[in-house]
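S.K.: Dumping the structure here so I can ask a few things about it.
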Amino acid sequence: MSEMDRDAILKEMGITQWVLRDPNGIDGPVIASPPEIPGEPVTQQDEVEASPVSAEVAATEQAESSPGENSGQIVTLGSLRSQVADCTACDLAGSRTHTVFGEGPDQADWMFVGEAPGQQEDLQGKPFVGRAGSLLTQMLLALGLKREQVFIANTLKCRPPNNRDPQPQELKACEQYLLAQIELIQPKVMVALGRFSAQALTGTEQSLSRLRGRVYQYGPAQIPLVVTYHPAYLLRQPADKGKVWSDLLLAHRQLPV
Ligand code: SF4
C-alpha cells in the first residue's frame, strides 16, 4: 500500500494527527527493544515490557485446562469450532443465536481479540460485523492488511444479553477456547481490543488506559501483545482514534523482519 493510500484511509477514519513517521514506522525496521528488567518502572518509550508474570501465569493456568491438553486428542481449529458450537459451559448458551468462534487463516501472523459478540455478530455468527467491524477493517487496511489475512476472535464466544458486560464466571468458562485458539494459530503479534480482552490476556484488572501503550509478552511463546481501545468505543469517542493508530503501529513494529 502506498503512503498516499494509507493517508486517504486514515483521513476517512478521522485520524488527522498521526505523527509516527519515524524510521521505525510501519515501513521501517523492527525495533528490537530489550526486555525490561523486572521491577523497574515501565515507560511508553520502553515499548517492550518485561514478560508480565501475571500474564504468563494466566496463560499457563489456562493451558492446563485447554481442550487440547485435557482430551489428549489432536485439536484443530475446526474441531475446536465444533466444541464451541456445542458448548453449554455457561448461561450464555441459553440466550445465544449462534456462537461466534472467530475467523481468519489457521496460521495468521496477526490475531485481534475483541470482547464479546454483539447483536449482529450473534445473528450472523461472525466477529466484528456492523459499524465497529467496518472501522476495524479500515484500520487493518491502513496497516496494509486485508481482513482475511488476520485472525479475529473474541474473549467470549456467545453474546451477553443486551450487550451487558461479560461476567467473571462467563469469562472463566470461556477462556479455555481463546487460549486454545492462540496455541493453534501461534500468531506473531496479538492486539487486545477493549478492556475485557486486555485484562484477560494480561492477567490484570488494570484500566485500559493504564494497560495500553506498551508491549507485553504473552505466554510461554512470548507472543508480543499490544492493548488498545475497542472499535465500538471509538465510534463513541472518535478523538481517541489517534491513540489506537499509535497502538497499531506499535504492534506492527513487533513483527519479525
Ligand atoms: Fe461456552 Fe463460551 Fe458460550 Fe459460555 S460463552 S456457552 S463458555 S462458548
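S.K.: Scan segment 125-147 and report the pairs whose first residue is under 28 Å from T97 (Cβ atoms) and whose second residue is among the acidic types (D, E) and buried (at least 20 other Cβ atoms within 10 Å of the Cβ), with Cβ atoms within less than 9 Å and a gap of 6+ or a chain change.
M.R.: P127/E121; F128/E121; V129/E121; G130/E121; G133/E121
S.K.: Which one of L123, L193 is in contact with an Asp or Glu (Cβ under 8 Å, 6 or more places away or on another chain), of a type in the set (A, V, I, L, M) and over 18 Å from D106 (Cβ atoms)?
M.R.: Residue meeting the stated conditions: L193.
S.K.: Would you check which residues across segment 75-107 are acidic (D, E) and assigned to a helix (DSSP H, G or I) and list them?
M.R.: Correct list: D91 only.
S.K.: OK, next. Identify all residues within segment 73-85 that are within 14 Å of the ligand (Cβ to nearest atom) and touching a helix residue (DSSP H, G or I) at 6+ places or on another chain (Cβ under 9 Å); write none if there are none.
M.R.: Across segment 73-85, the qualifying residues are L80, Q83, V84.
S.K.: Would you please name the residue that is nearest to the chain's Cα centre (by Cα), looking only at residues in segment 137-161 that are within 16 Å of the ligand (Cβ to nearest atom) and of a type in the set (D, E, K, R)?
M.R.: The qualifying residue nearest to the chain's Cα centre (by Cα) is K157.
S.K.: For segment 88-105, enumerate the residues that are under 20 Å from N163 (Cβ atoms), within 6 Å of the ligand (Cβ to nearest atom) and either touching a Ser or Thr at 6+ places or on another chain (Cβ under 9 Å) or among the aliphatic types (A, V, I, L, M) (or both).
M.R.: Once the filter is applied, which keeps residues that are under 20 Å from N163 (Cβ atoms), within 6 Å of the ligand (Cβ to nearest atom) and either touching a Ser or Thr at 6+ places or on another chain (Cβ under 9 Å) or among the aliphatic types (A, V, I, L, M) (or both), segment 88-105 yields L92, A93.
S.K.: How many of the residues in segment 81-128 are crowded, with 17+ Cβ neighbours inside 10 Å and hydroxyl-bearing (S, T, Y)?
M.R.: Number satisfying all stated conditions: 1.
S.K.: Within the set of pairs 6+ apart or on separate chains, which have a first residue in segment 65-92 that is closer than 18 Å to K172 by Cα and at pLDDT 95 or above, a second that is crowded, with 18+ Cβ neighbours inside 10 Å and of a type in the set (V, I, T), and C-beta atoms under 6 Å apart?
M.R.: The qualifying pairs are V84/T99; A85/T99.
S.K.: Within segment 98-128, restricting attention to residues that are within 19 Å of V244 (Cβ to Cβ) and either β-branched (V, I, T) or out of contact with any strand residue (DSSP E or B) (no Cβ under 8 Å at 6 or more places or on another chain) (or both), which residue is modelled with the lowest pLDDT?
M.R.: G118
S.K.: In this structure, does E175 turn out to be within 12 Å of the ligand (Cβ to nearest atom), in contact (Cβ under 8 Å) with a residue 60 or more places away in the chain and assigned to a helix (DSSP H, G or I)?
M.R.: yes
S.K.: If a residue must be touching a helix residue (DSSP H, G or I) at 6+ places or on another chain (Cβ under 8 Å) and assigned to a loop (DSSP other than H, G, I, E, B), how many such residues does segment 127-158 contain?
M.R.: Of the residues in segment 127-158, 11 are touching a helix residue (DSSP H, G or I) at 6+ places or on another chain (Cβ under 8 Å) and assigned to a loop (DSSP other than H, G, I, E, B).
The values are calculated or read from the model by the stated rules, or taken from the named source; none is laboratory data. Since we're looking at a predicted model, the values are computed, not measured. Quick reminder, even Gly has a Cβ in these numbers, built from the backbone with ideal geometry, and neighbours come from all protein chains shown.
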